[in-house]
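A short worksheet on the structure shown next.
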Amino acid sequence: MAYAYDPTNIFARILRGEIPNDTVLETAHSLAFRDIAPKTPEHVLLIPKGPYVCHDHFAAEASDAEIVDFTRAAGELCRMLNIAPGAGGAGYRTISNAGEHGVQEVPHYHLHILAGRPLGHMLPRA
């Protein structure tokens, strides 16, 4: 499947340094920054530096190095934020929205890492 990446989206502009952000972690292939409208006390966005629209696009077309870097960056963020349950944290939720039904607002793959309070059930039953 072909994805059309929009290089004018806000995350692409952040990556180019056109829009400031509150960086939490930067690696060779990923950038993590605090959400400007946090939904929880800890709300960090993790994005790949490459032009990927959503998770399945990233999974299908990113290099092995990009995928490993992104995955390890997510783990490092949980350690840095002291939210990982295995390290004494109270837990977290990761969310990645894709497409219209997933209510994706920015057409650049991103992972929300949310923590700092009980989050309740994910979705009501259908």
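The values are calculated or read from the model by the stated rules, or taken from the named source; none is laboratory data. Just so it is clear, the model here is predicted, and its values are computed rather than measured. Cβ atoms come from the backbone with ideal geometry, glycine included; neighbour counts cover every protein chain shown.
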Completion exercise
From the option list ALA12, ALA59, ALA2, single residue qualifying as at pLDDT below 95 and out of contact with any Cys (no Cβ under 8 Å at 6 or more places or on another chain) is ALA2
Problem - Subset of segment 81-122 [over 21 Å from ALA37 (Cβ atoms), of a type in the set (A, V, I, L, M) and either modelled with pLDDT of 95 or more or part of a loop (DSSP other than H, G, I, E, B) (or both)] - result: ALA84, ALA90
Exercise for the section: Kindly establish whether LEU81 is hydrophobic (A, V, I, L, M, F, W, C) and in contact (Cβ under 8 Å) with a residue 60 or more places away in the chain. Expected result: no
Problem - Scan of segment 36-60 for residues that are out of contact with any helix residue (DSSP H, G or I) (no Cβ under 8 Å at 6 or more places or on another chain) and over 15 Å from GLN104 (Cβ atoms), ordered by number - result: ILE36, ALA37, PRO38, LYS39, THR40, PRO41, GLU42, HIS43, ALA60
Handout entry: All positions within segment 72-126 that are over 12 Å from the mean Cα position of the chain (by Cα) and among the basic types (Lys, Arg)
Key = ARG72, ARG79, ARG117, ARG125
Exercise for the section: Scan segment 34-57 residue by residue and report those that are without any contact (Cβ under 8 Å) to a residue 24 or more places away in the chain and buried (at least 19 other Cβ atoms within 10 Å of the Cβ). Expected result: none
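Quick grid of which residues meet (1) assigned to a loop (DSSP other than H, G, I, E, B); (2) farther than 22 Å from ARG93 by Cβ; (3) in contact (Cβ under 8 Å) with a residue 40 or more places away in the chain; (4) among the aromatic types (Phe, Trp, Tyr):
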| position | (1), (2), (3), (4) |
| --- | --- |
| THR8 | yes, yes, no, no |
| ALA12 | no, yes, yes, no |
| PRO20 | yes, yes, no, no |
| LEU25 | no, no, yes, no |
| LEU31 | no, no, no, no |
| ALA59 | no, no, no, no |
| ALA74 | no, no, no, no |
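Hey, among GLY116, GLY88, which residue is surrounded by 14 or more Cβ atoms within 10 Å (Cβ to Cβ) and on the phi > 0 side of the Ramachandran plot?
Every option except GLY116 fails the conditions.
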